[in-house]
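First up is the structure itself, then whatever we jot down about it.
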Amino acid sequence: MKNWLNNVGPGVLVSAAFIGPGTVTVCTLAGVNFQYALLWALLLSIIACIVLQEMAARLGIIAQKGLSECIRDEIKTPSLRKLAIVLIFSAIVIGNAAYEAGNITGAVLGITSVVTPKYYDIGFFSINLWSIAVGAIAFGLLSLGNYKILERVFIGLVLVMSVSFVVTAIITNPDLTKIFKGLFLPELGADKILTVIALVGTTVVPYNLFLHASLVGEKWNKSSQLPIARKELIVAIALGGLVSMAIVITSAVPGLTNVNSAADLAQGLKPLFGDFAGWFIGVGLLAAGITSSITAPLAAAYVVKGCLGWQGGLKTFKFKLVWASIILLGVTFSSLKLNPIEIIRFAQIANGLLLPIIAIFLFWIVNRSSVLGRYKNNKVQNILGMIIIIIAIFLGAKSIYTVFQSL
C-alpha cells in the first residue's frame, strides 16, 4: 500500500479536477436526455485525455517547465509571443475564475441536497454560508503550500467520489446490453451535438494540460521516472472516466423526469432507492466541488507564473495571491442570484471550443527537439495527437454552426 501511494501523483489531481460539478451536471443531463447513447463520447474523451495528458506530463518531467512557460520561451517572434500569452492568460485565468463559481456552487448543491441551506439576502447577493465554508476549505489547503498534503487529500476525495457514484450506478441495476451498445455504437444527431461537446470539454479540460505539466515537476525530475508517471496517469484518468460513466448510467434510470442537475438527481432517486442513493450523490457532488475548487485556482496560478516568468512555486506570495483571488471571485460570483446549472453547462461548451487551440500549442511544443530532445513525440503519438485535434476542431465547428442555426 505504501509503495502504491508513493507512485500516485499528479494524475490523481488531474482526474479529480475534471470530475467537478460541471462533469457531474453534464453527465447527469446526458443520461437523463439520451440514456446510454452518449457513453461512446465519454470513452473517446477519456482516450483523448490520456493521450494529451501524457504529452503534458512528459513535457513537465523532461523539460522541468510548465506549458505556458515553454510557449513563452519557444515563440521567438515578440508579437506572436504576446498574442499567445494574452490568449492563454485570458482563456485560463479569467475562465477559471468563472469555473470556480461553478465549482463552489456545485459543492454547495451537494451539501444542500441532504441538509437545509442557510441564505442571507443582500441586494443582488444571496450569501450561502456553505459557499464561504467551501471557499475556506480550498483556501486553507492551498495556503499550506505543501504538494504532498494536497496529493493525499485528493487521493481521499477521488476515492470518495468513486465509491459514491459507482455504488449509486450499481444500485440502479442498469441494462448491460444497452451500456455496451452506447459505448461502442456511436450516435451523433443534431440534438446531441452540444451535449457531446460538453462531455468532451468537461473531460479533456484545457487548464489540466497546464496543471499537469507544472505538477509533475513537484514530484518527479528524472527521465527514468517517465514510465511511472505514464502508468499513474492512465490508471487515474481511467478511474475518473469510470466515475463519469457511472453518473450517466445512474441518471439513465427509467422514470426520472424534470432532472436539471445532479442535486435534482439526488432528490429524484430517493423515491426509487431511498435515502442511500440521494446521500451517495450528495456526498459525491460535494467531493467533486471541493476538488475542483482547489485545482482551478491552482492551475490559474501556474499559468500566470509561466506566462509572466515568475520564479518559485507554491509558497511564494505572488503565486498565493493569484489563487486566493480566484477563490475570492468564485465565492463572490457563487453568491449572485444566477442559475448555476446553465453557467456550468455553458462553461463546459466553451471548454470544448477552447480545447483545439490549447491542444495545438501543446502538440507544437512536444514536437520540438529543443524542448524534449529524444523524448519528443514519435509517429504514433503524432498520429493520435492529430486525430484528437481534428476531432476537437470538427466538434467545435459543428457546435458553432448548431448555435447559429438556432438563432
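The values are calculated or read from the model by the stated rules, or taken from the named source; none is laboratory data. Just so you know, these numbers come straight off a predicted model, no measurement behind them. Cβ sites come from the backbone with ideal geometry, for glycine too, and all protein chains shown count toward neighbours. The area values use the complete protein model at the heavy-atom level, side chains included, leaving out ligands, DNA and RNA. Shrake-Rupley method; radii C 1.70, N 1.55, O 1.52, S 1.80 Å.
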(request) Please report, in debye to the nearest 20, how large the charge dipole of segment 1-107 is about its Cα centre when each Lys and Arg carries +1 at its beta carbon and each Asp and Glu carries -1 there. (result) 240 debye
(request) Can you tell me which of 388-394, 238-244 comes out highest on packing, and rank the rest after it, using the mean Cβ neighbours within 10 Å? (result) 238-244, 388-394
(message) Keeping all protein chains in place and using 1.4 angstrom, which order do K318, K76 fall into by accessible surface area, from largest down?
(response) K76, K318
(request) For R152 paired with V86, estimate the spin-label separation in nm (one decimal), with each label point 7 Å from Cα along the Cα-to-Cβ line. (result) 4.6 nm
(request) May I ask for the net charge around W323, where only other residues with Cβ less than 13 Å from the Cβ of W323 are counted and Lys, Arg are +1 while Asp, Glu are -1? (result) +3
